[in-house]
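Trainee: Handing you a structure now.
The values are calculated or read from the model by the stated rules, or taken from the named source; none is laboratory data. A quick note: this is a predicted structure, and the numbers were derived from the prediction, not measured. Cβ atoms come from the backbone with ideal geometry, glycine included; neighbour counts cover every protein chain shown.
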Amino acid sequence: MHDEAQRQQMATTIAALKTELARVIVGQETVIDEILMALGSGGHALLEGVPGLAKTLLISSLAATTKLSFNRIQFTPDLMPADITGTEIIRDNRSTGEREMAFLPGPVFASVILADEINRTPPKTQAALLEAMQERQVSIGGQIRPLPTPFFVLATQNPIEQEGTYPLPEAQLDRFLLKISVRYPSETEELEIITRTTTNTAPQLTPVMDGEQLLSLQSMVRETAIANGVVRYALALVRASRDVSDGGLAAIAPLLRWGAGPRAGQSLVLCAKARAALTGRNQVGLDDIRAVAKPVLRHRLQISYEAEAQGLSADDITDRLLDEVPVPSGALEQDPAIAAVLD
C-alpha cells in the first residue's frame, strides 16, 4: 500500500516528465494528460488527428523520457501480420551443423509500441495486435511468447473519412482504453512550433521514469479509493447510452445504434483513479469521472443515422449523457472506501 509521501513523490515525477516533454511538444496538455492516464492504468491509447499534429513525435518523446524499450511500426496497405508479431525461420546451428527452427521476434516485442497510422492497413493486419493488446502475449508456431512488462500500444490514425484508410474493427477499438482527439494548436502555439522547428536546435530528452516506477504507478492507481456512489455514477453513464430496454435514456437512445459495453464502465473508473493518482490525490471525485468520459466513450458509442443527420458526434452525445444522468447527492465522504482514507 502506497502512503501519502509516495503519492506526492510520484506526482513530482509526473510533473518532471511533463516538463521534459514540453521541451519538444508545444501545448497539447490535455493529450499528454490522457496518454499518461492510459499508461498509469496499464491500458492502450488511440490518438486521432489530421497529419502534422506531432502525434508520432509525442509518443516517441514519451518513450524517451520513460527508459522503456520502444519500437515504431509504420502501418501500410502491404503490411502483413508476421511483420508485426515475428515469424519462425530455418537456420543453421553452428555448433551441431544441423538446421533448426528459430523464432525471429517482430517489433511488437518492446514495452512501448507506436502503431503509426494504424488505419492505413487492412483489418487482417490490424487484428494481429489484438492478442498482444489483450493478453500481452503472441502465439506463433504453437508456442505462447509473453511480451515485455510493462507493455503499451499507442496507436495513431487519421480521421476515417481520409482517403485510403480502413475503419478499425469494433473488437479492436474496444481494446483501446482511450481514444484521444488531437486538435490543431492555437495561434500562439503554432507560432512557437514554427519557430522551434526551423532552427538547428534539437533538444535531447532526459529519462525521468523507468519501468519499475511505472509499474509502481499502476499499482498506486488501482489502490486509489473510490466511493460506491462514484462507481454507480460511472455505471449510470454507461447504461444510459444503451437501448431503453437495457436501461438507456429515451431521449438519447434514438441517437445511438448501440451503446457502451461493460468495458466502458471499467475504463471510466480506472481512468478516473489514474487522473487522481497522477496529481497525488488518494481518492476519486465525481469530477474525475466526468473529465474522462469523452476519451473513454467516443470510440465505444456508435451513433445512428439520425444523429449524423443532426450533425452530432459521439462527443456531443457524451455531453448529453453528462447533462441527463443525475449526479449523486449526499455525503460521499461517508462511504467506507473514502472513510478509510480520511481516517
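Trainee: Checking residue 153 against (1) modelled with pLDDT under 85; (2) crowded, with 16+ Cβ neighbours inside 10 Å; (3) not in a loop (DSSP other than H, G, I, E, B), which test does it fail?
Mentor: In the conditions (1) modelled with pLDDT under 85; (2) crowded, with 16+ Cβ neighbours inside 10 Å; (3) not in a loop (DSSP other than H, G, I, E, B), residue 153 misses (1) alone.
Trainee: Here's another thing I want to ask about it. Looking at the range 249-279 only, could you name the residues that are small (Gly, Ala, Ser) and crowded, with 17+ Cβ neighbours inside 10 Å?
Mentor: The answer is 253, 259, 260, 264, 265, 267, 272, 274, 276, 277.
Trainee: Filter the range 16-50 down to residues that are in a helix (DSSP H, G or I) and within 18 Å of residue 291 (Cβ to Cβ), then give me how many there are.
Mentor: Of the residues in the range 16-50, 14 are in a helix (DSSP H, G or I) and within 18 Å of residue 291 (Cβ to Cβ).
Trainee: Consider the range 304-325. How many of its residues are crowded, with 16+ Cβ neighbours inside 10 Å and touching an Asp or Glu at 6+ places or on another chain (Cβ under 9 Å)?
Mentor: 2
Trainee: Sort out which residues of the range 174-204 are farther than 20 Å from residue 37 by Cβ and touching a Lys or Arg at 6+ places or on another chain (Cβ under 7 Å), and write them in order of number.
Mentor: 203
Residues checked against (1) in contact with a helix residue (DSSP H, G or I) (Cβ under 8 Å, 6 or more places away or on another chain); (2) aliphatic (A, V, I, L, M); (3) not assigned by TED's automatic domain parsing to the domain that holds residue 168:
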site: 60; (1), (2), (3): no, no, no
site: 74; (1), (2), (3): no, no, no
site: 84; (1), (2), (3): yes, yes, no
site: 90; (1), (2), (3): no, yes, no
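Trainee: How many residues are at pLDDT 85 or above and of a type in the set (A, V, I, L, M) if we restrict to the range 22-55?
Mentor: Looking only at that region, the number is 10.
Trainee: Residues being among the aliphatic types (A, V, I, L, M), within 25 Å of the chain's Cα centre (by Cα), modelled with pLDDT under 80 and in a loop (DSSP other than H, G, I, E, B): count how many of those fall in the range 160-209.
Mentor: Residues meeting the conditions: 2.
Trainee: Also, I was wondering about something else. Quick check: anything in the range 74-82 touching a residue at least 60 places away in the same chain (Cβ under 8 Å) and buried (at least 17 other Cβ atoms within 10 Å of the Cβ)?
Mentor: No; the residues of the range 74-82 include none that is touching a residue at least 60 places away in the same chain (Cβ under 8 Å) and buried (at least 17 other Cβ atoms within 10 Å of the Cβ).
Trainee: Checking residue 104 against (1) surrounded by 12 or more Cβ atoms within 10 Å (Cβ to Cβ); (2) in contact with a Gly (Cβ under 8 Å, 6 or more places away or on another chain); (3) free of Cβ contacts under 8 Å to residues at least 40 places away in the same chain, which test does it fail?
Mentor: With respect to (1) surrounded by 12 or more Cβ atoms within 10 Å (Cβ to Cβ); (2) in contact with a Gly (Cβ under 8 Å, 6 or more places away or on another chain); (3) free of Cβ contacts under 8 Å to residues at least 40 places away in the same chain, residue 104 is out only on (1).
Trainee: Looking at residue 235, is it in contact with a Gly (Cβ under 9 Å, 6 or more places away or on another chain) and touching a residue at least 12 places away in the same chain (Cβ under 8 Å)?
Mentor: Spelling it out, residue 235 is indeed in contact with a Gly (Cβ under 9 Å, 6 or more places away or on another chain) and touching a residue at least 12 places away in the same chain (Cβ under 8 Å).
Trainee: Does the range 54-76 include one or more residues that are more than 26 Å from residue 202 (Cα to Cα) and basic (Lys, Arg)?
Mentor: So far as the range 54-76 goes, no, none of its residues is more than 26 Å from residue 202 (Cα to Cα) and basic (Lys, Arg).
Trainee: If a residue has to be touching a residue at least 40 places away in the same chain (Cβ under 8 Å) and either over 12 Å from the mean Cα position of the chain (by Cα) or not assigned by TED's automatic domain parsing to the domain that holds residue 235 (or both) to count, how many in the range 261-273 make the cut?
Mentor: 5
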